[in-house]
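Student: Can you read through this structure? Questions will come right after.
The values are calculated or read from the model by the stated rules, or taken from the named source; none is laboratory data. Worth saying up front: this structure is predicted, and the values here are computed from it rather than measured. Note that each Cβ is placed from the backbone with ideal geometry, even for glycine, and that neighbours are counted across all protein chains shown. SASA here: full protein model, heavy atoms, side chains in, ligands and nucleic acids out. Shrake-Rupley method; radii C 1.70, N 1.55, O 1.52, S 1.80 Å.
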Amino acid sequence: MNQEAEALHEQREWLRVTLSSIGDAVITTDINNNVNFLNSVAQFLTGWTQTEAAGVPLTTVFEIINEDSRQTVENPAAHALRDGVIVGLANHTLLISRDGTERPIDDSAAPIRNAAGEIAGVVLVFRDVTERRQQDRSLRDALHYAESIIATVRESLVVLDDTLSVKSANKCFYQTFDTTAGETEHRFIYELGSGQWDIPELRTLLEDMLPNNHHFDDFEVVLEIPVLGRKIMRLNARRILREGNKSETILLAIEDITERRNAEQQLKESEVRYRRLFETAQDAILILDADSGKIQDANPYIKNLLGYSQEELVGKELWQIGLFEDIEQNKVAFRVLQEERYIRYEHLPLETKNGKPIEIEFVSNVYTVDNHDVIQCNIRDITERARLERQTQAQAEELADLHRRKDEFLAMLSHELRNPLSAIVNAVHLIRLQEDENAVQKMARGVLERQVGQLSHLINDLMEVSRVITGRIRLQTDRLDFRGVVEHAITAVRPAIEKRRQLLTINLPRDPVWLNADASRLEQVVVNLLGNAAKYTDEGGRIWLTLDIEDIPLADGDIAASLLPPAVASCAVLRIRDTGIGIPFELLPRIFDLFTQAERTLDRAQGGLGIGLSLVQKLVELHGGTVSAESAGPGLGSEFITRLPLADVTTAAAKIAISQRPATTGQHPLRVLVVDDNIDSADTTAMLLRATGHDVHTAYCGLDTLDAAAEHHPDVVLLDIGMGDINGYEVARRLRRNPTTNNIWLVATTGYGQASDRQMALDAGFDHHLVKPIELEKLQELLTKLAKTPRGAGSI
């Protein structure tokens with residue numbers, strides 16, 4: 001028995017040592033599930049010592065809950081004790097130690113049987129799996145990280161096994177090739193799609209990878225994919241490495257480079273195309289380095305222009321080939337170019353290699369290529385163009401000079417015509433004053449009056465059109481009723497119409513036709529058009545004058561578009577129609593051109609200078625209107641249509657700007673000195689003024705005027721401007737400087753009637769300015785006014 005007891009003791013000791021030294025925690029219980037043994041690992045994990053735990057129920061020492069639900073779970077030892085079976089490892093179990101520490105564990109239990117086979121207790125084995133859990137979590141995180149990267153990579157990835165069948169592919173692969181995992185995975189790569197991957201060279205590369213541990217990069221294939229068309233793919237393959245290099249898996253990366261290759265091809269073609277343009281351009285082109293300013297390239301045309309070959313130009317700066325005077329000027333231009341990135345020079349002088357002087361246009365700009373600035377210079381030979389420009393400029397200056405001299409001629413012509421005309425007018429007035437006039441004299445006087453009137457009209461038209469064309473007319477606009485302007489014009493032309501026994505039909509609206517216009521200029525327009533109708537219509541013919549308001553559509557660019565509402569506008573429309581000689585079809589487009597007239601015949605010798613219609617058109621356009629002519633042809637009459645924009649009818653107060661001439665009041669005799677180097681003009685004017693009760697003296701030159709003014713002390717001097725010795729301006733200045741004559745009324749009488757002439761008279765000291773031939777009534781009105789007004793209140 002002693003030997004058996006010793007053997008049993010030894011066996012128990014061996015079991016205790018074994019359980020104490022193993023890495024798992026071990027707890028044993030008796031038949032009542034009370035603890036009778038804990039090895040050191042179990043003591044550490046539970047926090048109970050052997051002494052403390054002996055005889056304590058297992059559920060107290062070994063407290064466990066479900067990791068997810070936090071609920072108490074059945075102790076596996078209880079299950080093993082009750083059912084006598086081995087209970088396997090449980091999952092998601094937390095052990096709560098005596099100090100409250102929680103640890104994830106794996107546990108299992110098995111019943112302990114005695115020699116009789118009866119259950120005598122339970123052994124519980126468990127282990128702390130915290131570190132394993134952390135490793136699993138890290139592994140899962142790493143796997144998720146890798147999968148996320150693969151999923152978001154914009155490159156198609158395929159994993160192949162050792163048979164070159166597809167194990168998996170990423171999202172980009174499925175999207176790129178319009179396929180699904182079901183159509184791809186576990187299929188031989190050469191069978192994918194319509195077999196487009198079955199490429200002999202690709203087969204060789206893939207089949208050589210695993211046996212020889214090879215890889216390949218940038219292998220390009222061209223695929224014809226039914227859904228996508230022609231695609232260029234770049235393939236890269238690597239063996240997926242594992243510990244011990246036992247991997248039998250291949251990662252195949254597929255990059256779609258179709259667009260890149262197409263772009264490269266387009267760029268190549270573009271470079272060829274632009275290189276061809278560069279080499280064939282008919283401008284000299286230089287390419288410069290933006291840092292050094294030295295020439296890097298030059299096109300062949302440079303040799304034609306400057307005589308330098310490409311080899312002679314490369315490496316030089318622009319000043320070295322004569323494009324700038326010296327290196328300093330070159331530096332200034334280069335600095336401006338770097339700051340502004342663009343410079344342009346016209347008419348830059350340059351000398352070619354063989355010494356020939358030329359003029360060039362030089363344009364240079366900076367652009368960026370591959371993050372580096374490049375300068376391009378275009379050089380164009382403009383020698384001939386510059387010559388033509390100078391020739392054109394010289395011709396323009398010559399034309400301007402001719403235009404100026406023409407205006408001067410017209411002004412001088414007007415002046416020279418007005419002087420004798422003034423004398424004739426005065427003579428006609430003197431004849432009219434004779435009471436014993438016989439029939440022949442009366443008839444002759446009538447002829448003189450009519451022809452002098454015609455001459456005055458021609459001279460006025462000649463001066464007016466010159467002023468309009470040169471922009472020297474300024475409209476004096478006011479709100480007026482166009483009907484009044486038309487009535488005044490009819491009154492002025494009616495004698496000519498009645499003389500030719502023509503029938504004039506007038507149709508004016510009942511309501512006012514309001515315009516913002518210059519009354520005298522519009523009357524000039526109507527008089528001219530109505531006078532033409534009378535002139536070019538046979539005796540006994542008919543003339544119709546109609547004024548109305550019409551709505552007209554406005555096209556883009558219409559002359560009245562800025563004055564009238566868009567789309568549709570209301571205009572005053574004046575129509576003057578006659579049964580006269582008509583207008584030839586070929587003349588209609590230029591009927592308003594200056595000096596244009598229909599062909600004259602012996603029976604249609606109507607006279608005129610061909611300026612009336614041109615003046616009409618210019619005056620109408622100054623008012624923002626239009627004038628047009630219509631005719632069915634020679635002998636079929638004409639119609640002239642004038643359209644003018646209406647004034648704003650919302651303005652309540654409107655007035656007619658046509659003022660009646662003030663009635664001449666009673667005479668107030670004055671001492672008058674008449675000065676003119678045209679003796680006839682001076683004498684006849686003096687005779688007329690004496691006939692109206694004034695005390696009149698005459699002088700025929702400027703120096704005599706100074707003496708006559710000092711001798712006779714006149715109230716008024718009618719002083720001609722253009723005289724032989726000293727002109728009227730200088731005479732006026734001297735009279736103003738003399739204390740005995742500085743308070744005389746000075747009236748300029750001249751053939752010069754432009755605004756500048758009036759201003760010169762004012763500057764010289766004149767009070768008034770009259771243009772020859774002077775109307776007697778107008779002169780009498782002025783003298784009456786001067787007799788009542790203290791000197792100093794008058795104005796030009």
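Student: List, please: which pairs have Cβ atoms under 7 Å, are six or more places apart or on different chains, and start with a residue in the stretch 472-483 that is modelled with pLDDT of 85 or more and assigned to a loop (DSSP other than H, G, I, E, B) and end with one that is open to solvent by less than 40 Å² (accessible area, probe 1.4 Å) and not hydrophobic (A, V, I, L, M, F, W, C)?
Tutor: Between residues of the stretch 472-483 that are modelled with pLDDT of 85 or more and assigned to a loop (DSSP other than H, G, I, E, B) and residues that are open to solvent by less than 40 Å² (accessible area, probe 1.4 Å) and not hydrophobic (A, V, I, L, M, F, W, C), the close pairs are Thr477/Asp518.
Student: Under 7 Å between Cβ atoms, at least 6 apart or on separate chains: pull out the pairs that start in the stretch 53-64 with a residue that is in contact (Cβ under 8 Å) with a residue 40 or more places away in the chain and end on any residue that is among the hydrophobic types (A, V, I, L, M, F, W, C) and in a helix (DSSP H, G or I).
Tutor: Leu58/Ala77
Student: Taking only pairs six or more apart or across chains, which ones have beta-carbon atoms under 6 Å, a first residue in the stretch 192-217 that is within 14 Å of Leu251 (Cα to Cα), and a second residue that is assigned to a loop (DSSP other than H, G, I, E, B) and charged (D, E, K, R)?
Tutor: Leu210/Asp162; His214/Asp208
Student: In the stretch 690-771, which strands (runs of 3 or more DSSP E) lie fully inside it and hold 1 or more residues that are farther than 19 Å from Asp677 by Cα?
Tutor: Working: elements: 695-699, 716-720, 745-750, 768-771.
The qualifying strands (runs of 3 or more DSSP E) are 695-699, 745-750, 768-771.
Student: Run down Ile105, Ile86, Ile96 and say which single residue is touching a residue at least 60 places away in the same chain (Cβ under 8 Å) and either under 20 Å from Val41 (Cα atoms) or out of contact with any Leu (no Cβ under 9 Å at 6 or more places or on another chain) (or both).
Tutor: Checking each option against the conditions leaves just Ile105.
Student: Here's another thing I want to ask about it. Based on what the data block shows, is Phe37 more than 19 Å from Ala110 (Cβ to Cβ) and either open to solvent by 20 Å² or more (accessible area, probe 1.4 Å) or assigned to a helix (DSSP H, G or I) (or both)?
Tutor: no
Student: Working only within the stretch 326-352, note down all residues that are of a type in the set (Phe, Trp, Tyr) and either over 17 Å from Asn378 (Cβ atoms) or part of a strand (DSSP E or B) (or both).
Tutor: Tyr342, Tyr345
Student: Counting just the residues of the stretch 591-616 that are assigned to a helix (DSSP H, G or I) and open to solvent by less than 40 Å² (accessible area, probe 1.4 Å), which one comes out modelled with the highest pLDDT?
Tutor: Val616
Student: Which residues, taken from the stretch 738-796, are polar (S, T, N, Q) and under 23 Å from Gly693 (Cβ atoms)? Let's see the steps before the verdict.
Tutor: Initial filter on the stretch 738-796 (polar (S, T, N, Q)): 738, 740-743, 749-750, 754, 756, 759, 780, 784, 789, 795.
If the condition is that a residue be polar (S, T, N, Q) and under 23 Å from Gly693 (Cβ atoms), then Asn743, Thr749, Gln780, Thr784, Thr789 are the ones that fit.
Student: Then there is this: Which one is farthest from Leu388 (Cα to Cα) among residues in the stretch 308-334 that are of a type in the set (D, E, K, R) and exposed (fewer than 12 other Cβ atoms within 10 Å of the Cβ)?
Tutor: Glu311
Student: Would you say Glu389 is open to solvent by less than 80 Å² (accessible area, probe 1.4 Å), of a type in the set (Asp, Glu) and part of a strand (DSSP E or B)?
Tutor: In short, no.
Student: While we're here: Scan the stretch 750-763 and give yes if some residue there is open to solvent by 10 Å² or more (accessible area, probe 1.4 Å), within 23 Å of Leu670 (Cβ to Cβ) and among the β-branched types (Val, Ile, Thr), otherwise no.
Tutor: no
Student: Within the stretch 700-748, can you find the residues that are under 59 Å from the mean Cα position of the chain (by Cα) and among the hydroxyl-bearing types (Ser, Thr, Tyr)?
Tutor: Tyr729, the sole residue that qualifies.
Student: Hey, could you check the stretch 151-191 for residues that are acidic (Asp, Glu) and over 19 Å from Glu248 (Cβ atoms) and say which is least open to solvent (accessible area, probe 1.4 Å)? Before you say what the answer is, go through the steps one by one.
Tutor: Let us first name the residues in the stretch 151-191 that are acidic (Asp, Glu), namely 155, 161-162, 178, 183, 185, 191.
Filter once more, so that each one left must be over 19 Å from Glu248 (Cβ atoms): 155, 178, 183, 191.
Numbers: Glu155: 54, Asp178: 99, Glu183: 96, Glu191: 99 Å².
The selected residue is Glu155.
Student: Select from the stretch 650-699 the residues that are among the basic types (Lys, Arg) and modelled with pLDDT under 80 and write down the one among them that is surrounded by the most Cβ atoms within 10 Å (Cβ to Cβ).
Tutor: So the residue we want is Lys655.
Student: Let me ask something else. For the stretch 25-33, indicate whether the set of residues that are assigned to a helix (DSSP H, G or I) and either crowded, with 18+ Cβ neighbours inside 10 Å or touching a residue at least 24 places away in the same chain (Cβ under 8 Å) (or both) is non-empty.
Tutor: No: zero hits.
Student: Among strands (runs of 3 or more DSSP E) lying entirely in the stretch 170-270, which contain 3 or more residues that are at pLDDT 85 or above, in contact with a Phe, Trp or Tyr (Cβ under 9 Å, 6 or more places away or on another chain) and closer than 18 Å to Glu155 by Cα?
Tutor: Counting at least 3 such residues, we get 229-239.
Student: Is it true that Ser456 is among the hydroxyl-bearing types (Ser, Thr, Tyr), modelled with pLDDT under 90, open to solvent by less than 50 Å² (accessible area, probe 1.4 Å) and in contact with a Ser or Thr (Cβ under 8 Å, 6 or more places away or on another chain)?
Tutor: no
Student: Looking at the stretch 764-777 only, could you name the residues that are under 18 Å from Ala682 (Cβ atoms) and open to solvent by 60 Å² or more (accessible area, probe 1.4 Å)?
Tutor: The answer is Glu775, and nothing else.
Student: Give the residue that is most open to solvent (accessible area, probe 1.4 Å), with candidates limited to residues of the stretch 40-70 that are among the aliphatic types (A, V, I, L, M) and under 15 Å from Asp128 (Cβ atoms).
Tutor: It comes out as Val41.
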